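The values are calculated or read from the model by the stated rules, or taken from the named source; none is laboratory data. These numbers come from a predicted model, not from an experiment. Neighbour counts are summed over all protein chains in view; Cβ atoms, including those assigned to glycine, are modelled from backbone coordinates with ideal geometry.
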Amino acid sequence: MRKIILSTCLCLIAVFTSAVKLTSTTGKPYTTFPGIGYVFIFNGLTDASKVTYDSIPTNVKWYRFSDTTTPVYTGVDSFDQLENNKGYILEEANGNRITFWVIDYKLYKPVSIEPENNPTGQCQNVTLNLSIPTISYTTLAGSSQVIPRDFIISYKTLSNWTESKGWEKRDTTYNIIAPAVQRSVPAPYCDTKFLLIGDQFATALGINKDTVSSTDYVTSAVISHLTTNVNSRQHDKNNEGSAPSGLQPINFSAPIDVHFLSNANVPTAQFYKWGIYKDNVLIINRTDVDHRYTFNETGTYKVKLTVSNSTCSFTDSLTIVVTESAIYVPNVFTPNGDNVNDEFRIGYKSLISFQCWVYNRWGRQVYYWTDPTKGWDGNINGKKAVPGPYFYVIKAVGSDKKVYKMKGDINLLRGTGNQ
């Protein structure tokens with residue numbers, strides 16, 4: 001089995017070797033272009049630049065495209081009179097002719113990349129004017145063929161906004177296939193330079209890719225990332241928490257104080273317009289960089305922010321839902337020091353006023369409070385209250401204008417915990 005594999009490998013090597021006719025120690029050969037046998041690309045042509053026939057050169061002849069009847073060399077294995085942008089022919093002893101074209105890469109480096117001077121048209125995209133020399137070859141039949149060149153356009157922009165770091169200035173890249181005289185790319189959100197980097201032939205030749213830089217570009221494009229800081233006066237374990245960042249709908253109880261942050265790309269963003277809508281009706285507008293608002297009424301609100309400068313604008317928005325009010329009263333609490341149900345506290349949503357009185361069985365008031373996030377710890381004047389039933393009266397008003405007048409009993413149990 002090993003002999004069969006070895007024999008197969010040797011056959012494949014032989015086939016591959018026989019298929020290779022022309023080589024060069026300093027140039028890179030390409031055999032995939034239509035209408036010609038080889039295109040050799042050199043990083044500069046010197047006296048040492050040559051194309052070599054890899055077989056026995058008996059009776060071989062070398063010609064130029066410009067004279068296909070008079071050979072330049074006969075019976076030699078290489079051709080060293082290479083000129084840029086010229087075609088040549090190797091004629092083998094059997095009459096087979098192999099054509100090849102020579103390119104001096106150093107003469108085709110990119111020249112320039114510059115953005116169009118059109119600020120009002122560069123809010124979304126920027127058009128870049130490119131100057132890239134065209135590399136081409138000509139077939140023996142006289143047909144000119146352009147060779148594609150792969151370049152990269154690179155520049156910095158703002159992306160990946162996070163709460164901890166804000167905007168991150170990062171490189172972004174786009175491919176371009178030359179020949180091309182223009183390329184449209186997304187507008188950067190910060191001042192930058194555009195770089196033209198390439199191409200694939202530089203990589204193949206093992207040299208550094210040439211980089212052409214534009215002049216400094218001052219961006220007109222604006223962007224923001226609307227986020228919120230929330231201060232809920234009713235936030236406790238029975239109520240909704242603080243608002244997440246982002247543009248998803250935020251559900252909260254009233255009253256809810258929300259600090260809206262624009263997070264725009266200053267100094268490009270210069271003007272700010274805030275609008276808060278309820279049921280599609282504008283209820284407030286402001287022009288501050290950031291904006292604070294307290295939601296006291298149940299409903300669905302849309303908060304809209306437009307940041308702009310003299311040429312460009314960007315709009316961001318989010319939805320806040322203020323829930324309907326509700327009160328939930330437990331029927332027992334156990335102030336025994338085990339940190340479980342140690343206080344008489346209510347559950348609630350969207351209360352804008354609250355009062356609660358607690359009385360003992362003889363009608364004497366033992367506790368009173370007005371903050372629904374607080375509660376009664378089971379003490380009276382610093383001493384533990386006697387276990388048993390107590391009575392409460394609650395008066396409250398919800399953000400939906402609902403008025404609560406509630407009465408009931410609450411059982412105080414000490415249990416076996418820390419007495």
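The residue of segment 334-391 that is farthest from the chain's Cα centre (by Cα), among those that are of a type in the set (Val, Ile, Thr) and within 21 Å of ILE256 (Cβ to Cβ), is THR370. Among strands (runs of 3 or more DSSP E) entirely within segment 63-138, having at least 2 residues that are within 30 Å of LYS156 (Cβ to Cβ) singles out 112-115, 125-131. Return a yes/no flag: does segment 43-52 have any residue that is outside the structural domain of GLY198 (by TED's automatic domain parsing), over 21 Å from PRO133 (Cα atoms), part of a strand (DSSP E or B) and of a type in the set (A, V, I, L, M). Yes; the residues of segment 43-52 include at least one that is outside the structural domain of GLY198 (by TED's automatic domain parsing), over 21 Å from PRO133 (Cα atoms), part of a strand (DSSP E or B) and of a type in the set (A, V, I, L, M). Give the residue that is surrounded by the fewest Cβ atoms within 10 Å (Cβ to Cβ), with candidates limited to residues of segment 328-380 that are outside any loop (DSSP other than H, G, I, E, B) and either hydroxyl-bearing (Ser, Thr, Tyr) or not assigned by TED's automatic domain parsing to the domain that holds LYS407 (or both). The qualifying residue surrounded by the fewest Cβ atoms within 10 Å (Cβ to Cβ) is TYR328.
Exactly one residue out of THR134, THR203 is β-branched (Val, Ile, Thr), at pLDDT 95 or above, more than 19 Å from the chain's Cα centre (by Cα) and under 23 Å from GLY27 (Cβ atoms), and it is THR134. The single condition among (1) in a loop (DSSP other than H, G, I, E, B); (2) within 20 Å of THR203 (Cα to Cα) that ASN59 does not meet is (2).
Evaluating THR26 against the criteria (1) closer than 21 Å to THR139 by Cα; (2) at pLDDT below 95 leaves one unmet condition, (1). Of all residues in segment 282-295, those satisfying the criterion of being free of Cβ contacts under 8 Å to residues at least 24 places away in the same chain and either surrounded by fewer than 13 Cβ atoms within 10 Å (Cβ to Cβ) or β-branched (Val, Ile, Thr) (or both) are LEU282, ILE283, ILE284, ASN285, THR287, ASP288.
Which residue is nearest to TYR359 (Cα to Cα), if the candidates are limited to segment 383-417 and must be basic (Lys, Arg) and surrounded by fewer than 13 Cβ atoms within 10 Å (Cβ to Cβ)? Reasoning before the result, please.
Start the filter on segment 383-417 by keeping residues that are basic (Lys, Arg), which leaves 383-384, 395, 401-402, 405, 407, 414.
Among the residues that remain, those that are also surrounded by fewer than 13 Cβ atoms within 10 Å (Cβ to Cβ) are: 383, 401, 405, 407.
Details: LYS383: 16, LYS401: 27, LYS405: 16, LYS407: 11 Å.
Filtering first and then ranking leaves LYS407.
Check segment 95-107 and report whether any residue there is at pLDDT below 95, under 47 Å from the mean Cα position of the chain (by Cα) and of a type in the set (Ser, Thr, Tyr). No, the conditions are met nowhere in segment 95-107.
Going by the conditions given, is ILE36 surrounded by 16 or more Cβ atoms within 10 Å (Cβ to Cβ), out of contact with any Leu (no Cβ under 6 Å at 6 or more places or on another chain) and in a loop (DSSP other than H, G, I, E, B)? First the steps, then the outcome.
Numbers: surrounded by 16 or more Cβ atoms within 10 Å (Cβ to Cβ): yes; out of contact with any Leu (no Cβ under 6 Å at 6 or more places or on another chain): yes; in a loop (DSSP other than H, G, I, E, B): yes.
When the stated conditions are applied, ILE36 passes them.
Answer with yes or no whether SER66 is surrounded by 14 or more Cβ atoms within 10 Å (Cβ to Cβ) and either modelled with pLDDT under 95 or hydroxyl-bearing (Ser, Thr, Tyr) (or both). Give the steps one after another, and end with the answer.
Details: surrounded by 14 or more Cβ atoms within 10 Å (Cβ to Cβ): no; either modelled with pLDDT under 95 or hydroxyl-bearing (Ser, Thr, Tyr) (or both): yes.
No: the conditions fail for SER66.
Scanning segment 206-232 for residues that are more than 30 Å from VAL146 (Cα to Cα) and over 22 Å from the mean Cα position of the chain (by Cα), which turns out surrounded by the most Cβ atoms within 10 Å (Cβ to Cβ)?
In the first step, residues of segment 206-232 are kept if they are more than 30 Å from VAL146 (Cα to Cα); the result is 216-232.
Imposing the further condition that a residue be over 22 Å from the mean Cα position of the chain (by Cα) reduces the set to 216, 229-232.
Working: ASP216: 9, ASN229: 15, VAL230: 18, ASN231: 14, SER232: 20.
Result: SER232.
Of the residues making up segment 312-327, just one is modelled with pLDDT of 95 or more and part of a loop (DSSP other than H, G, I, E, B), namely CYS312. Among the criteria (1) modelled with pLDDT of 90 or more; (2) surrounded by 14 or more Cβ atoms within 10 Å (Cβ to Cβ), the one THR298 does not fulfil is (1).
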